[in-house]
Amino acid sequence: MIRNEVFSCFVFYAVLLVIKMYIIAIITGQVRLRKKAFANPEDALRHGGLQFHREDPYVERCRRAHNNDMENIFPFLFLGAVYCLTGPSLSVARLHFLIFFLCRVLHSIAYLFALQAPTRSVVYSVAQIPCVSMAVQILMTVAAYA
Amino acid sequence: MIRNEVFSCFVFYAVLLVIKMYIIAIITGQVRLRKKAFANPEDALRHGGLQFHREDPYVERCRRAHNNDMENIFPFLFLGAVYCLTGPSLSVARLHFLIFFLCRVLHSIAYLFALQAPTRSVVYSVAQIPCVSMAVQILMTVAAYA
Amino acid sequence: MIRNEVFSCFVFYAVLLVIKMYIIAIITGQVRLRKKAFANPEDALRHGGLQFHREDPYVERCRRAHNNDMENIFPFLFLGAVYCLTGPSLSVARLHFLIFFLCRVLHSIAYLFALQAPTRSVVYSVAQIPCVSMAVQILMTVAAYA
């Protein structure tokens, strides 16, 4: 299956997006250290005292970016894998994966740099188009069996 | 694999649940616009001013519904797919998927309409039964190899 | 596929981690009942009155533990499954899965018992090593096709 061109194309972008999510987690941790804003008292104690068990607006921003990734990239991992099984052409499939990938990278940039609205909302919405397209194509393929 | 009846039955309900999650995301966005309650200052600025960078109880309710979906529907996507590989009968498998699907749809309705407790907790618990059942059956299948 | 030794080894640990997440959800619910701290007014009403619609530090701790699991165990479910398709040796693959599994169990223990820092951060970081290793190996396998 990994030798199937469509599937390996999907896996390529999917794994890059997972790594992108790991990077946001690392950024969140670094911002917590730099701003001294820890979610847990035991972490605050280790880094100067309980007064650093507190919230920080930029830490919360990082966490919203990460949460939005979970809401959207995790479903893509499922939809993309099943979509590959429906036998799409490589060029059409690659277009789906590439649009989603680029939009989600831009979404993280727009979030972390607080780019002017509606940049983030627009890339979020465009990223949903290939997802809904894959969902519809999957449903059409399996509807006969369910 | 997509021509396997059990797997296509699973995929049918799984994709509908992913779409259900997308709908909750859309509802959250619409409630934010209607109630003017934005998580990010840049969004508030575009829609009237920084005073709309604020929390709203119904927006938080939508977010809890979405988060609970992530905690439960994402594991189902994994368990259901692997469970199909264990070779269950179509009728038993369909019962697992259907119970989970119906309970999670009712869970969203109970959450968004704030139905009287313990409606939401009951459908949440019933939805867990097919998941635990699938988990146990998978473990029994693979235990010999691990 | 379920008869493949590497895949069934992966599935074994993956399903145990999903069950571990379910247990954290159950703990969160029990703590909410014991501490009378409910996220929803309808739940508070059923358990004594609206004054119990409130936050509790230990409930929030449970929720952070669960959220961190979602951020890390869900990507593992994807990476692990795809990694199995790249044809690793059983002993190397088992080492990846086992390190991740043990570290994530320790992570939950460190979170729920508020163990002294940096216990939790260390096991979190060690758990990421097999994930990054699998991500890199997958990318090397599919890079030629993407």
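The table for this structure:
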| item | result |
| --- | --- |
| Scan of segment A:27-40 for residues that are open to solvent by 30 Å² or more (accessible area, probe 1.4 Å) and among the aliphatic types (A, V, I, L, M), ordered by number | A:27, A:33 |
| Complete set of residues in segment B:8-26 that are among the small types (Gly, Ala, Ser) and in contact (Cβ under 8 Å) with a residue 40 or more places away in the chain | B:14, B:25 |
| Tally of residues being open to solvent by 50 Å² or more (accessible area, probe 1.4 Å) and either under 25 Å from residue C:32 (Cβ atoms) or among the β-branched types (Val, Ile, Thr) (or both) across segment B:122-140 | 7 |
| Residue among C:144, C:114 that alone is more than 18 Å from the chain's Cα centre (by Cα), assigned to a loop (DSSP other than H, G, I, E, B) and within 13 Å of chain A (Cβ to nearest Cβ) | C:144 |
| Residue count, segment A:48-90 (criterion: in a helix (DSSP H, G or I), over 22 Å from residue A:24 (Cβ atoms) and more than 7 Å from every other protein chain (Cβ to nearest Cβ)) | 6 |
| Count - residues of segment A:129-140 that are within 14 Å of residue A:78 (Cα to Cα) and in contact (Cβ under 8 Å) with a residue 24 or more places away in the chain | 7 |
| Residue A:43 being of a type in the set (Asp, Glu), at the interface with chain C (Cβ under 9 Å from one of its Cβ atoms) and either open to solvent by 10 Å² or more (accessible area, probe 1.4 Å) or out of contact with any Ser or Thr (no Cβ under 6 Å at 6 or more places or on another chain) (or both) | yes |
| The lone exception for residue A:16 - which of (1) closer than 24 Å to residue A:98 by Cα; (2) within 7 Å of another protein chain (Cβ to nearest Cβ) it fails | (2) |
| Residue in segment C:31-40 that is modelled with pLDDT of 95 or more and at the interface with chain B (Cβ under 8 Å from one of its Cβ atoms) present | yes |
| Boolean, residue C:95 is touching a Pro at 6+ places or on another chain (Cβ under 9 Å), part of a helix (DSSP H, G or I), open to solvent by 40 Å² or more (accessible area, probe 1.4 Å) and modelled with pLDDT of 95 or more | yes |
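The rows are residues; the columns are (1) out of contact with any strand residue (DSSP E or B) (no Cβ under 9 Å at 6 or more places or on another chain); (2) modelled with pLDDT under 95; (3) crowded, with 18+ Cβ neighbours inside 10 Å; (4) farther than 30 Å from residue C:42 by Cβ.
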site	(1), (2), (3), (4)
B:15	yes, no, yes, yes
B:57	yes, no, no, no
B:77	yes, no, yes, no
B:106	yes, no, yes, no
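The values are calculated or read from the model by the stated rules, or taken from the named source; none is laboratory data. Predicted model, so just to flag it, every value in this text is computed and none were measured. Please note: Cβ atoms are built from the backbone with ideal geometry, for glycine as well, and neighbour counts cover all protein chains shown. Please note that ligands, DNA and RNA were not included when accessible areas were found on the heavy atoms of the full protein model with its side chains. Shrake-Rupley method; radii C 1.70, N 1.55, O 1.52, S 1.80 Å.
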